[in-house]
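Engineer: Structure incoming, see below.
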Amino acid sequence: MTPELRTPSPLFTQVDITPNVPAISTPTMGTGLEQSNLLRDILQALDRQNELMEELISQVNTVQRQRMQELSQWKAANPRLSKNCRVASEALAKVQTEFLASLAGEVNDNPEALLDGDFMLNEFIDRYGPRLAHLNGVLQVLSQLGSPLAPANP
């Protein structure tokens, strides 16, 4: 018996990856018209978007003007309370500065502990987070109520 000779299958094959598009393509007349229509549609959409943005800005400005007018009326009706709020906000701003300094000092003293352990990070957030949030909220209210009256619009 003679062994049959087999030809081994090739390990690599050749794959054609060239596109089946002709090298030179010429635009047709319809393509230019389609592009013009598409650009016109885009321009109309941008115009509509600009109109909507202007309307939104107008609405926001109206609400803001009304809020400022109400705040000015409140300040005019309560000048002594407004002045007390201004003094309190200045004092509370100093408290906030000291609080932030202690918070930053704790972070700078133990950065590895905060990075390495979830427990320490949670303790830090529980200790400083709510106080900082409430302090910022109170300070914001006091500073708004204590801000000087805006000059009347001519």
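The values are calculated or read from the model by the stated rules, or taken from the named source; none is laboratory data. In this text, all values refer to a predicted model and were calculated from it rather than measured experimentally. Glycine also receives a Cβ, built like all others from the backbone with ideal geometry; neighbour counts cover every protein chain displayed.
Engineer: Would you mind stating whether residue 56 is at pLDDT 90 or above, touching a helix residue (DSSP H, G or I) at 6+ places or on another chain (Cβ under 8 Å) and in a helix (DSSP H, G or I)?
Structural biologist: For residue 56, the condition - at pLDDT 90 or above, touching a helix residue (DSSP H, G or I) at 6+ places or on another chain (Cβ under 8 Å) and in a helix (DSSP H, G or I) - is not met.
Engineer: Of (1) closer than 27 Å to residue 135 by Cα; (2) modelled with pLDDT of 95 or more, residue 47 satisfies all except one. Which?
Structural biologist: (1)
Engineer: Here's a follow-up. Within the group 36, 89, 82, which residue is modelled with pLDDT of 90 or more, part of a helix (DSSP H, G or I) and in contact with a Lys or Arg (Cβ under 6 Å, 6 or more places away or on another chain)?
Structural biologist: Just one listed residue meets the conditions, 82.
Residues checked against (1) over 27 Å from the mean Cα position of the chain (by Cα); (2) surrounded by 11 or more Cβ atoms within 10 Å (Cβ to Cβ); (3) under 25 Å from residue 139 (Cα atoms); (4) outside the structural domain of residue 142 (by TED's automatic domain parsing):
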site	(1), (2), (3), (4)
88	yes, yes, yes, no
94	yes, no, yes, no
100	no, yes, yes, no
106	yes, yes, yes, no
110	yes, yes, no, no
113	yes, yes, no, no
117	yes, yes, no, no
120	yes, yes, no, no
